[in-house]
Amino acid sequence: PPDLSPASGRSLQSGDNLIHLSNPHLEKMKDDILYHFALGTGTHDFPALFGDVKFVCVGGSPSRMKAFITYIAEELGLGSVGADYPNICAGTDRYAMYKVGPVLSVSHGMGIPSIAIMLHELIKLLYHSKCSNVTIIRIGTSGGIGLEPGSVVITSQSVDATFKPQFEQVILGKTVIRSTNLDDQLAKELMQCSKEINEFNTVIGNTMCTLDFYEGQARLDGAICLYVEEEKLQYLKAAYDAGVRNIEMESSVFAALCNLSGGGCRSTLVPPWYQAGCSFYKHWTKQVAAKKHYKEALCNFK
């Protein structure tokens, strides 16, 4: 099936990376309203608010993402101990957003539809803010396959429930297939962090993205289950043989939309244990602070 992404769009040359909006219709709009963030270009100065963002971490729940920004602020010396960080999206109850220094933390809810809405508006926010060299990482819980509990999976690519590296969506009645590959170099950098931290069992593998939590993940405890345990185990073995190491419900559209935004996304980190992801993110962010194009933004890091 064809990819219906428009040939023309709006792009912003941003240092080494390119933030790209594949939507020429936005040029005709006087104001761009990010409905689910309760933000808009006509009411907010995006470059002033978000222009220094270099790292975006997204995760499911609002409370988790607030805890994350508090953790990162303290660990990286970006805020005072016990400081409170206001929800930038307080005008809506759809998502929560927190910021400290060049780090943005955003909740995305549960499942493909919820994270897709958030990503559309997040990518536009980064574009309007004229951000450059942005790395986006998803961090959250997932179900492991063939791994000990507490392991960390660094996603190389997202696959669907038939183990294909693609995101399928129906647009204008036509099936559109988009790539779900993620940045290989960032995966290697995160793996190196794992070796240096030496606290978590870590692997690089495929992440399977499903459409629901129960039948889609071959669970036996949903309200409906019309297969037997043997069939479940056969399916999970087939997934493992296809390189799948964990299962969740957001990675495919995350990869697809970030790919379409150009250099705005590098990879995704999906650890079954949340604290592991925080440690990885802290350690990796300290490492990239030494890189030339991040040095100025991260000058206050420990």
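The values are calculated or read from the model by the stated rules, or taken from the named source; none is laboratory data. None of the values given here were measured: they were computed from a predicted structure. Cβ coordinates were reconstructed from backbone atoms using ideal geometry, including for glycine residues, and neighbour counts include every protein chain displayed. Calculation scope for accessible area: heavy atoms of the full protein, side chains included, ligands and nucleic acids excluded. Shrake-Rupley method; radii C 1.70, N 1.55, O 1.52, S 1.80 Å.
Observations on the structure shown:
- The one condition in (1) crowded, with 17+ Cβ neighbours inside 10 Å; (2) at pLDDT 95 or above; (3) charged (D, E, K, R) that Asp45 fails to fulfil: (1)
- Residue within the stretch 80-99 that is farther than 20 Å from Leu34 by Cα and in contact (Cβ under 8 Å) with a residue 60 or more places away in the chain present: no
- Consider the stretch 53-74 and keep the residues that are surrounded by 18 or more Cβ atoms within 10 Å (Cβ to Cβ) and over 21 Å from Gly111 (Cα atoms). The one that is nearest to the chain's Cα centre (by Cα) is Phe55.
Condition check ((1) open to solvent by less than 30 Å² (accessible area, probe 1.4 Å); (2) among the β-branched types (Val, Ile, Thr)) across all residues:
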{"site": "Ser105", "(1), (2)": "yes, no"}
{"site": "Gly109", "(1), (2)": "yes, no"}
{"site": "Ile115", "(1), (2)": "yes, yes"}
{"site": "His120", "(1), (2)": "no, no"}
{"site": "Ile123", "(1), (2)": "yes, yes"}
{"site": "Glu168", "(1), (2)": "no, no"}
{"site": "Thr180", "(1), (2)": "yes, yes"}
{"site": "Asp184", "(1), (2)": "no, no"}
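- Within the stretch 4-18, the presence of a residue that is modelled with pLDDT of 90 or more and under 21 Å from Ile171 (Cα atoms) is excluded.
- For first residues located in the stretch 169-185 and closer than 17 Å to Val153 by Cβ, partners that are among the basic types (Lys, Arg) and open to solvent by less than 70 Å² (accessible area, probe 1.4 Å) and lie 6+ apart or on another chain with Cβ distances below 6 Å form the pairs Asp183/Arg266.
- Helices (runs of 4 or more DSSP H) lying entirely in the stretch 204-302 (those with 1 or more residues that are open to solvent by less than 50 Å² (accessible area, probe 1.4 Å) and at pLDDT 60 or above): 229-241, 251-260, 274-288
- Scanning the stretch 137-151 for residues that are in contact with a Ser or Thr (Cβ under 7 Å, 6 or more places away or on another chain) and either among the acidic types (Asp, Glu) or free of Cβ contacts under 8 Å to residues at least 12 places away in the same chain (or both) yields nothing.
- Any chance Gly143 is under 23 Å from Ser63 (Cα atoms), over 15 Å from the mean Cα position of the chain (by Cα) and open to solvent by 10 Å² or more (accessible area, probe 1.4 Å): yes
- Each residue in the stretch 152-166 was checked for being open to solvent by 20 Å² or more (accessible area, probe 1.4 Å) and in a strand (DSSP E or B), and 3 pass.
- Test result for Glu196, open to solvent by 80 Å² or more (accessible area, probe 1.4 Å) and not in a loop (DSSP other than H, G, I, E, B): yes
- Restricting the first member to the stretch 28-44 and to residues that are closer than 11 Å to Lys124 by Cβ, and the second to residues that are among the acidic types (Asp, Glu) and surrounded by fewer than 11 Cβ atoms within 10 Å (Cβ to Cβ), the beta-carbon pairs closer than 9 Å and six or more apart or on different chains are Gly40/Asp31; Thr41/Asp31.
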